[in-house]
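Here's the structure, in structure tokens; my notes come after.
The values are calculated or read from the model by the stated rules, or taken from the named source; none is laboratory data. Everything numeric here is computed off the predicted structure, so don't read it as measured data. With ideal geometry, Cβ positions are generated from the backbone for all residues, glycine too; neighbour counts draw on all protein chains shown. Surface accessibility is based on the protein's heavy atoms, side chains included, excluding ligands, DNA and RNA. Shrake-Rupley method; radii C 1.70, N 1.55, O 1.52, S 1.80 Å.
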Amino acid sequence: MMSSNAGDDSWQRTALQDGDTPPLGSSAASSVAPPAASPSVSLFVPGRICLLGAPSDWAGGYRRFNSLLPPGACLVSGTSQGIYASVRLHPTHLVLSSADATGHREPPVSIPMEAGALLAAAAAGGHYSYMAGTAYQILTRYHVQGLVVDNYKTDLPARKGLSSSAAASV
């Protein structure tokens, strides 16, 4: 187990290698294994290419606070490339694993579905920080339980302007 470097031990990440089995009764065992009654849902989230006005799509949210801002417009198209994932409910943790476009798998992590833990994981940076930040926003607004998300295939190139981070947060 690793603790965040921020001096706040309210969240801990558990990294397991493929084939590893966490010890029974350990926090890793209880957080990685999904509840038996929880069905799995398969998802595909496409990337997108913003041909015109890319900042307008997210910046429009500021109009809620300042009605003097003019409405924005953008021209967006979905791509056939994206992120494939299997998702199921988890009662207490956000459990994340992923594969990039080359097939490399990041070690899974488990973060308690608690505001402080998710915020600390988001602030710590790293591969799963964007998803932890998204989960923090959803938790604080909608009071949801956790998820097990296995991003088992990605054919969307990262850092190429195709909104791979936005697709991951969906």
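Would you check if residue 114 is touching a residue at least 40 places away in the same chain (Cβ under 8 Å) and open to solvent by 20 Å² or more (accessible area, probe 1.4 Å)? Outline the logic, then answer.
Values: touching a residue at least 40 places away in the same chain (Cβ under 8 Å): yes; open to solvent by 20 Å² or more (accessible area, probe 1.4 Å): yes.
For residue 114, the condition - touching a residue at least 40 places away in the same chain (Cβ under 8 Å) and open to solvent by 20 Å² or more (accessible area, probe 1.4 Å) - is met.
Is it fair to say residue 109 is assigned to a strand (DSSP E or B) and surrounded by 15 or more Cβ atoms within 10 Å (Cβ to Cβ)?
Working: assigned to a strand (DSSP E or B): yes; surrounded by 15 or more Cβ atoms within 10 Å (Cβ to Cβ): yes.
Answer is yes for this residue.
To keep it simple, each residue is scored yes or no on (1) modelled with pLDDT of 90 or more; (2) surrounded by fewer than 21 Cβ atoms within 10 Å (Cβ to Cβ).
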{"site": "73", "(1), (2)": "no, yes"}
{"site": "78", "(1), (2)": "no, yes"}
{"site": "96", "(1), (2)": "yes, no"}
{"site": "124", "(1), (2)": "yes, yes"}
{"site": "129", "(1), (2)": "yes, yes"}
{"site": "145", "(1), (2)": "yes, yes"}
Worksheet item: Only one of (1) of a type outside the set (A, V, I, L, M); (2) over 17 Å from residue 45 (Cβ atoms); (3) at pLDDT 90 or above fails for residue 150. Which number is that?
Response: (2)
Worksheet, complete the sentence: Going through segment 34-55 in order, the residues found to be open to solvent by 50 Å² or more (accessible area, probe 1.4 Å), of a type in the set (Gly, Ala, Ser), under 21 Å from the mean Cα position of the chain (by Cα) and at pLDDT below 85 are none
Practice prompt. For segment 119-137, name all the residues that are touching a Ser or Thr at 6+ places or on another chain (Cβ under 7 Å) and of a type in the set (A, V, I, L, M).
Written response: 120, 121, 122, 124, 131
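Just the residues that are assigned to a strand (DSSP E or B) and in contact with a His (Cβ under 9 Å, 6 or more places away or on another chain), please, taken from segment 145-168. Let's see the steps before the verdict.
The first filter runs over segment 145-168 and keeps only residues assigned to a strand (DSSP E or B), leaving 146-154.
146, 147, 148 - these are the residues of segment 145-168 that are assigned to a strand (DSSP E or B) and in contact with a His (Cβ under 9 Å, 6 or more places away or on another chain).
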Worksheet item: How many of the residues making up segment 117-133 are among the small types (Gly, Ala, Ser) and not in a helix (DSSP H, G or I)?
Response: 3
